[in-house]
Amino acid sequence: MSEVLKPWESYYVIVGSSAGALTGLQFVVLTLITESGVARSGETLSAFGTPNVVHFCAALLVSALFSAPWHGLGAPGVAVAVCGICGVVYSVSVLRRALRQRDYKPVLEDWVWHAALPMLAYAALVSAGVGLVRGSSAMLYVVAGAALLLVFIGIHNAWDTVTYSMTLAHRDRRTPPVAPSAPARAVPTSGPAAPVASPAATTSEPP
């Protein structure tokens, strides 16, 4: 392993193992959403659910790349730059899905955590990869920060999804169901249940 990368070995073991373990967190999130009875379309899950798994996997991939026995900075720089480019393209796709879905109206915090910060992290990987190819070892700090940021983004977004779904489910349970109004009974005009006129009312007065 390159002497420059060797001091980062423990760091990427921690980040990579955390990202791999936290990937299972999203499966728990989807299970809770299903049990809560809160309906979600495929477009909404693709915008606010699936990206969390992608962010965790990206952090795991970066950690694996920088734990490999490279003998220089050029090869890992190219690899992490490609990873960053794919992440930027995917983030743009997620943003488009978030704009198209109609189940939830995002607020400013959602745009920051689901769109701006992921794009920033992946763009940082691209910039750091280019710097590593040029031989700048200082870019290793940028890669480390971007990988850790992706882990925090995934944790925040997964927890945000759980709390939102549980709040909706709790509100639905507390709202009493509206009983349907009984249809008005029509008064029959003929047949056995029709009102019978009294003889006095039907007998005409004598002349």
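The values are calculated or read from the model by the stated rules, or taken from the named source; none is laboratory data. From a predicted model like this one, the values you see are computed outputs, not experimental measurements. Neighbour counts are summed over all protein chains in view; Cβ atoms, including those assigned to glycine, are modelled from backbone coordinates with ideal geometry.
Pairing each residue of the range 109-133 that is touching a residue at least 24 places away in the same chain (Cβ under 8 Å) with any residue that is assigned to a helix (DSSP H, G or I) and polar (S, T, N, Q), provided the two are 6+ apart or on different chains, yields C-beta distances under 7 Å for Trp113/Asn157; His114/Asn157; Ala115/Ser91; Pro118/Ser91; Met119/Ser91; Tyr122/Ser91. The numbered conditions (1) farther than 25 Å from Ser17 by Cβ; (2) buried (at least 18 other Cβ atoms within 10 Å of the Cβ) are all true for Thr161 except (1). Of the residues screened, Gly191 is not one that is loosely packed, with under 14 Cβ neighbours inside 10 Å, in a loop (DSSP other than H, G, I, E, B) and either in contact with a helix residue (DSSP H, G or I) (Cβ under 6 Å, 6 or more places away or on another chain) or modelled with pLDDT of 85 or more (or both). When the test is whether a residue is β-branched (Val, Ile, Thr) and under 28 Å from Tyr12 (Cα atoms), Thr31 does not pass it.
Checking Ser46, Ser17, Ser10, Ser93 one by one, the residue that is among the hydroxyl-bearing types (Ser, Thr, Tyr) and surrounded by 14 or more Cβ atoms within 10 Å (Cβ to Cβ) is Ser46 and no other.
I'd like the residue in the range 136-147 that is within 15 Å of Val78 (Cβ to Cβ) and out of contact with any Leu (no Cβ under 6 Å at 6 or more places or on another chain) and, out of all such residues, is surrounded by the most Cβ atoms within 10 Å (Cβ to Cβ). The residue in question is Val143.
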